[in-house]
Amino acid sequence: MVNQNRLSYLDALRGVAVIMVLMVHAMQFKEQLHLPSSLLNILDGGKFGVQLFFVISSFTIFYTLDNGDNRTIPFLIRRFFRIAPLYYVAVIFYTVIGNNYNNGVWANVFFVHGFSIHYINSIVPGGWSIGIEMLFYVLAPVLFKYIKNTNGALIFFMITLIGSFGLIYLVKFLRLDTASEAASYFYFWLPNQLPIFSIGIVLYFSIFKPFNNLQSVLFLLMSIALLSVLAQLSLFRVHIVVSILFAGIIWLLANSGSKFTFLINNFTLFLGKISYSIYLVQYAMMHFFKSFNLCNFFGQNIPVWKELINYVVNFFLLSIGSVAVSYLLFHLIEKPSQSMGRFLIKRIGYSK
């Protein structure tokens, strides 16, 4: 039986996702970490916290549209006031500290930076994911109109998977990804991330509107994903494989008696609540700590055990600073902005 309890497992996993992102970005306090390669690979895996956010986002969007007001205009207004106000503060802040006034500011303001090789990640560090998220929001009402069940969601997943696969090889064939800037863009862009959102849609229907033998289908998908990695098949690229595994964990959390329920606790729920602020704030905190030499207390050329302690200290400093500032921003900007969005919806006559 599905535990709906305000989908608390999703709130908790947002907390886990932001911990993963903090984990990978704490590595950037030093140009090179002298740690065992196996540990570095684990820490670097924190970058997939963004894909966990994407899976949760599409899942939540379909849940909201299917169980509340699914009209397009109110939906887009709610999403805009959920994302834009704090993002605009971030755009202003990072533009000023980076003296970056002519490098895609307006593209970020209008959330079209996801279409630009040069501007997709030019102002707000990590802002590429916000641009892709906003593009998905525009598509979501249309997708919700036509995807009505698990079969439809699986078909959409396969379409996005094959489409992404084909476009990647077209890009390689035309040698459009030779420049480093272009190579990163074709990882960030929507076609490469759309399969991740589609996984969240499949997950939503599989939990709330399942069909017979659903567990077998999910197990098959997860098995294919793992085998594709072992066989080095690029149809299931790593970020897609990891996202399928995330979906499996969410499916387990959504059902009572899951052994993964230890992930749901007051700490992860709290972090999940302010995770958007943390995501945007952490880069500013890194700038602060570096500017005032409040990091890397053990120097540069140090033994492995000191390097590990150095990383842990940097991670906790980044986490504590980001959480403290984000808690304030959540109450000063995020909550009032969401209230403003609800007021606007009511004001223009869209409230039910």
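Brief remarks on what is shown
- Out of Leu280, Leu271, Leu332, one residue alone is over 30 Å from Gly200 (Cα atoms) and either at pLDDT 95 or above or not in a helix (DSSP H, G or I) (or both). It is Leu332.
- Only residues that are at pLDDT 90 or above and polar (S, T, N, Q) were counted in the stretch 92-114, giving 2.
Let's see how each residue does on (1) more than 18 Å from Tyr276 (Cβ to Cβ); (2) over 15 Å from the mean Cα position of the chain (by Cα); (3) crowded, with 16+ Cβ neighbours inside 10 Å:
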{"residue": "Leu43", "(1), (2), (3)": "yes, yes, yes"}
{"residue": "Gly49", "(1), (2), (3)": "no, no, yes"}
{"residue": "Val55", "(1), (2), (3)": "no, no, yes"}
{"residue": "Phe59", "(1), (2), (3)": "no, no, yes"}
{"residue": "Phe62", "(1), (2), (3)": "yes, yes, yes"}
{"residue": "Leu65", "(1), (2), (3)": "yes, yes, yes"}
{"residue": "Arg71", "(1), (2), (3)": "yes, yes, no"}
{"residue": "Arg78", "(1), (2), (3)": "no, yes, yes"}
{"residue": "Phe81", "(1), (2), (3)": "no, yes, yes"}
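- Those residues of the stretch 58-88 which are assigned to a helix (DSSP H, G or I) and within 18 Å of Lys209 (Cα to Cα), in sequence order: Ser58, Phe59, Thr60, Ile61, Phe62, Tyr63, Thr64, Leu65, Asp66, Asn67
- Residues of the stretch 140-150 that are of a type outside the set (A, V, I, L, M, F, W, C), touching a residue at least 12 places away in the same chain (Cβ under 8 Å) and in a helix (DSSP H, G or I): Pro141, Thr150.
- Failed item in (1) surrounded by fewer than 18 Cβ atoms within 10 Å (Cβ to Cβ); (2) modelled with pLDDT of 95 or more, with Ser326 passing the rest: (1)
Condition check ((1) farther than 25 Å from Val281 by Cα; (2) in a loop (DSSP other than H, G, I, E, B); (3) not polar (S, T, N, Q)) across all residues:
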residue	(1), (2), (3)
Trp106	no, no, yes
Gly114	no, no, yes
Tyr119	no, yes, yes
Trp128	no, no, yes
Met134	no, no, yes
Val138	yes, no, yes
Gly152	yes, no, yes
Ile155	yes, no, yes
Ile162	yes, no, yes
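- Residues that are surrounded by fewer than 19 Cβ atoms within 10 Å (Cβ to Cβ) and in contact with a helix residue (DSSP H, G or I) (Cβ under 9 Å, 6 or more places away or on another chain) within the stretch 107-116 comprise Val109, Val112, Phe115, Ser116, listed in sequence order.
- Given (1) free of Cβ contacts under 8 Å to residues at least 60 places away in the same chain; (2) buried (at least 17 other Cβ atoms within 10 Å of the Cβ); (3) polar (S, T, N, Q), index of the condition Asn103 fails: (2)
- Every test in (1) within 25 Å of the chain's Cα centre (by Cα); (2) among the aliphatic types (A, V, I, L, M); (3) modelled with pLDDT under 95 is passed by Ile302 save one, and that test is (1).
- Inter-residue pairs, beta-carbon under 7 Å, first free of Cβ contacts under 8 Å to residues at least 12 places away in the same chain and in the stretch 278-307, second surrounded by 12 or more Cβ atoms within 10 Å (Cβ to Cβ) and part of a loop (DSSP other than H, G, I, E, B), 6+ apart: Lys306/Phe298
- Condition check for Leu52: of a type outside the set (Val, Ile, Thr) and touching a residue at least 60 places away in the same chain (Cβ under 8 Å): yes
- Considering (1) of a type outside the set (Gly, Ala, Ser); (2) surrounded by 16 or more Cβ atoms within 10 Å (Cβ to Cβ); (3) under 24 Å from Arg71 (Cα atoms), the lone condition that Phe186 does not fulfil carries the number (3).
The values are calculated or read from the model by the stated rules, or taken from the named source; none is laboratory data. Please read these numbers as outputs of a predicted model, since none were measured by experiment. Positions of Cβ are generated from backbone atoms using ideal geometry, with glycine treated the same way; all protein chains shown enter the neighbour counts.
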